[in-house]
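Colleague: For reference, the structure I am asking about is given below.
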Amino acid sequence: MRIKKETSEVIEGHVAKLLVRNRKYTAKELKDKVEHELGGRYSFTERTYLNIKNKLLKDFSEDPIDAPWSVGACLKFDIPGEIVPLLLEVKRNIPLEEIFTIRTAQWVAKLHNLIPDRKDLSHLYYISTYYGLYEQICEMANIPFNTTKPDSMLPDSEKVKEAFIELLLKEEDDDERASTETG
């Protein structure tokens with residue numbers, strides 16, 4: 001059975017979002033999560049999900065841009081030197097369990113002038129991480145990188161932080177639900 005292009009893009013986008021977080025998901029886990037997210041609108045075989053996963057991961061190796069950031073990475077990844085003090089400050093203010101990636105540092109460098117409140121650098125971090133994750137998902141799913149939705153939240157960094165936390169909580173909730181259903 002051939003999947004329509006629009007349907008394929010929707011499914012691939014959701015699978016890519018999941019694979020960005022955990023590339024080890026099985027076809028069954030991907031199927032369960034995507035079909036749950038989409039409210040059962042689409043139902044495909046595990047083999048279809050395996051094919052989508054393999055297609056997405058085929059040429060998508062670990063990207064060096066998703067490695068932990070360091071001052072030295074600024075040279076290789078074209079991050080302006082004058083932004084280093086801010087990057088160090090952002091890195092010091094994020095939760096210990098989170099990894100401050102080169103991709104996120106690039107987004108901090110791009111967005112720092114748009115965020116008026118410097119009192120809480122976690123807002124800048126969450127916004128930059130949100131953009132970075134979205135960029136990574138688009139790359140993996142080979143879909144256009146259009147930031148219209150996150151752009152609309154820029155003046156209100158609290159909305160972006162809430163959206164980011166909601167996304168992470170939803171994924172944790174889905175993981176817990178899947179483990180109780182399989183266990």
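Colleague: What residues have an amide H closer than 5 Å to that of T101, excluding those fewer than 5 places away on the same chain, when H is modeled at 1.01 Å from N in the peptide plane?
Modeller: Here W69 satisfy the definition.
Colleague: Show log10 I(q)/I(0) for segment 76-156 at q = 0.17, 0.20 Å⁻¹, two decimals, from a solvent-free Debye sum over equal Cα scatterers.
Modeller: -0.68, -0.93
Colleague: Strictly over 31 Å apart at the Cα level, which of K28/K76; K31/K76; K33/K76; K28/K91; K55/K149 would you flag in this model?
Modeller: Checking Cα-Cα distances, K28/K76; K31/K76; K33/K76; K28/K91 exceed 31 Å.
Colleague: Let me ask another. Would you calculate the separation in nanometres between label points at F145 and S70, each defined as 7 Å from the Cα along the Cα-to-beta-carbon direction?
Modeller: Computed distance between label sites F145 and S70 equals 2.4 nm.
Colleague: Right, here's the next one. If R₀ is 35 angstrom, what is the calculated FRET efficiency for the pair N54 and E89, using the beta carbon separation as r and rounding to 0.05?
Modeller: Efficiency, rounded to the nearest 0.05: 0.25.
Computed from the coordinates by the stated procedures, all read-outs in this text should not be read as laboratory data. Source: prediction; values computed, not measured. Every residue, glycine among them, receives a Cβ derived from its backbone with ideal geometry; neighbour counts consider all protein chains shown.
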